[in-house]
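Accompanying notes for the structure given below.
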Amino acid sequence: MRYDVTVIGEIYQDHVFSGFATWPSPGEEIFTEQYEWELGGGAVTTACALARLGRKVQLIGVAGEADLPRMAERLAQFDVDTAGISRSKTRSGVTVSISTLQDRSFFTYRGANTELEDRLMRDDGLSSRIASSRHIHLAFPLSTGLAKKLLPIATANGATTSLDVGHDVGWLRNDASVDVLRAIDYTMPNEKEAAMLSGDPDRYLSRCRALGLKMAVVKLGRNGAAMVCNNVEYKAGSPSVQVVDTTGAGDAFDAGFIDALLDNAPPQQILERACICGAMSTRAAGALNALPNKMEIHTVLEEHYAA
């Protein structure tokens, strides 16, 4: 295989404001000394995190042609292959991220990302790119129609698949999304997203069992994560770190999970390595600046989880 992982999804330019103790009241202005321009979106963060962990990664998405050189320069710093990023006349997506110590909120303009599904449906060499990867990670709300096109290409060549749709309320509350869940190997919602899928995050794993899913994962923020694998439930806590900015932590979790999966690690360790990767990504402002390498992951694994 040419790539360990192909990551497909939406690409954003992030304006990241962090360091706030609390969220402002309506009409209130608060100030911070912590601001970063960064590339963002789940696809970018997961791709860069996997590359930092030593994986050969390609990123597929859509970006405004005027913005692509700067994006490609940043992604090249992580050695992420950008040949699969299509150029658009439309401006690139933009997200403003505002982070407190407890949580974060986003204001987003989707821009060129609205063209992603149409371009994927047209293929444009996509089949050969997907066929050359061990794992396909989809970081966008995958429609049933596109799933029917993409997933057979992946599975025909033995690749595993994962999905993180993010906070897309329409997809999460759409009954048709159940068919996509059944078709994907690993779906990784956070607590709020799991609640939309099942009515209650505590019921998400049991609902996945009822749907016949062999694997189900839910990210629990500072409380770690839980999953069911072949009807056995696993839980892992999150290691203690000095949190600066939680932007992209869930997407870094995805990378740690995929990396451990490709190592054929046992289920408990897969979950632990995912939690470590997600937690360590919060040590600096922006989604990319604190992504850990493999040695850091294994050091924390031995210190925090060895028993």
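The values are calculated or read from the model by the stated rules, or taken from the named source; none is laboratory data. Since we're looking at a predicted model, the values are computed, not measured. When we count neighbours, we look across all protein chains shown, and the Cβ atoms used for this are built from the backbone with ideal geometry, even at glycine.
Quick one: would you say ASP254 is closer than 20 Å to GLY278 by Cα, of a type in the set (Asp, Glu) and modelled with pLDDT under 90? Walk me through how you get there before you give the answer.
Working: closer than 20 Å to GLY278 by Cα: yes; of a type in the set (Asp, Glu): yes; modelled with pLDDT under 90: no.
When the stated conditions are applied, ASP254 does not pass them.
Between ASP200, ASP245, ASP263, which is over 22 Å from LEU101 (Cβ atoms), at pLDDT below 95 and not aliphatic (A, V, I, L, M)? Even if it seems obvious, please write down each step before you answer.
Details: ASP245 fails: over 22 Å from LEU101 (Cβ atoms); ASP263 fails: at pLDDT below 95.
So the residue among ASP200, ASP245, ASP263 that is over 22 Å from LEU101 (Cβ atoms), at pLDDT below 95 and not aliphatic (A, V, I, L, M) is ASP200.
Which members of segment 278-307 meet the condition of being part of a helix (DSSP H, G or I) and of a type outside the set (A, V, I, L, M, F, W, C)? Even if it seems obvious, please write down each step before you answer.
Of the residues in segment 278-307, the ones part of a helix (DSSP H, G or I) are 278-283, 294-305.
Correct list: GLY278, SER281, THR282, ARG283, LYS294, GLU296, HIS298, THR299, GLU302, GLU303, HIS304, TYR305.
Quick check on VAL96: is it of a type in the set (Val, Ile, Thr) and surrounded by 19 or more Cβ atoms within 10 Å (Cβ to Cβ)? Walk me through it before giving the result.
Values: of a type in the set (Val, Ile, Thr): yes; surrounded by 19 or more Cβ atoms within 10 Å (Cβ to Cβ): no.
Spelling it out, it is not the case that VAL96 is of a type in the set (Val, Ile, Thr) and surrounded by 19 or more Cβ atoms within 10 Å (Cβ to Cβ).
Across segment 70-82, what is the total count of residues that are under 20 Å from ARG119 (Cα atoms) and either free of Cβ contacts under 8 Å to residues at least 40 places away in the same chain or loosely packed, with under 14 Cβ neighbours inside 10 Å (or both)?
Keep residues of segment 70-82 that are under 20 Å from ARG119 (Cα atoms), which gives 71-72, 81-82.
With the extra rule that they be either free of Cβ contacts under 8 Å to residues at least 40 places away in the same chain or loosely packed, with under 14 Cβ neighbours inside 10 Å (or both), the set shrinks to 72, 82.
Adding up the residues that qualify gives 2.
Which of the residues belonging to segment 160-196 are hydrophobic (A, V, I, L, M, F, W, C) and touching a strand residue (DSSP E or B) at 6+ places or on another chain (Cβ under 9 Å)? Show your work before the answer.
Of segment 160-196, the ones hydrophobic (A, V, I, L, M, F, W, C) are 163, 165, 169, 171-172, 176, 178, 180-181, 183-184, 188, 194-196.
Result: LEU163, VAL165, VAL180, LEU181, ALA183, ILE184, MET188, ALA194.
Condition (residue is out of contact with any Pro (no Cβ under 9 Å at 6 or more places or on another chain) and closer than 17 Å to ALA285 by Cα) applied to segment 63-72: is it met by at least one residue? Break it down stepwise before answering.
Step one: list which residues in segment 63-72 are out of contact with any Pro (no Cβ under 9 Å at 6 or more places or on another chain), which gives 63-72.
If we keep only those that are closer than 17 Å to ALA285 by Cα as well, we get none.
No: segment 63-72 contains no residue that is out of contact with any Pro (no Cβ under 9 Å at 6 or more places or on another chain) and closer than 17 Å to ALA285 by Cα.
Go through segment 173-204 and give me each residue that's more than 14 Å from ALA139 (Cα to Cα) and touching an Asp or Glu at 6+ places or on another chain (Cβ under 7 Å).
PRO201
If you take the residues in segment 55-69 that are in contact (Cβ under 8 Å) with a residue 40 or more places away in the chain and of a type outside the set (Val, Ile, Thr), which one is surrounded by the fewest Cβ atoms within 10 Å (Cβ to Cβ)?
Taking segment 55-69 first, the residues in contact (Cβ under 8 Å) with a residue 40 or more places away in the chain are 55-64, 67.
From what is left, the residues that are of a type outside the set (Val, Ile, Thr) are 55-56, 58-59, 61, 63-64, 67.
Numbers: ARG55: 21, LYS56: 16, GLN58: 23, LEU59: 30, GLY61: 29, ALA63: 28, GLY64: 19, ASP67: 20.
Here the answer is LYS56.
Here are some residues: VAL218, VAL180. Which one is within 21 Å of CYS275 (Cβ to Cβ) and of a type in the set (A, V, I, L, M)? I'd like the intermediate steps shown before the answer.
On the way: VAL180 fails: within 21 Å of CYS275 (Cβ to Cβ).
VAL218 is the lone residue from the list that is within 21 Å of CYS275 (Cβ to Cβ) and of a type in the set (A, V, I, L, M).
Inside segment 175-261, counting only strands (runs of 3 or more DSSP E) that do not spill past its ends, which hold 1 or more residues that are touching a residue at least 60 places away in the same chain (Cβ under 8 Å) and not aromatic (Phe, Trp, Tyr)? Even if it seems obvious, please write down each step before you answer.
Working: elements: 215-219, 225-229, 232-236.
Those strands (runs of 3 or more DSSP E) span 232-236.
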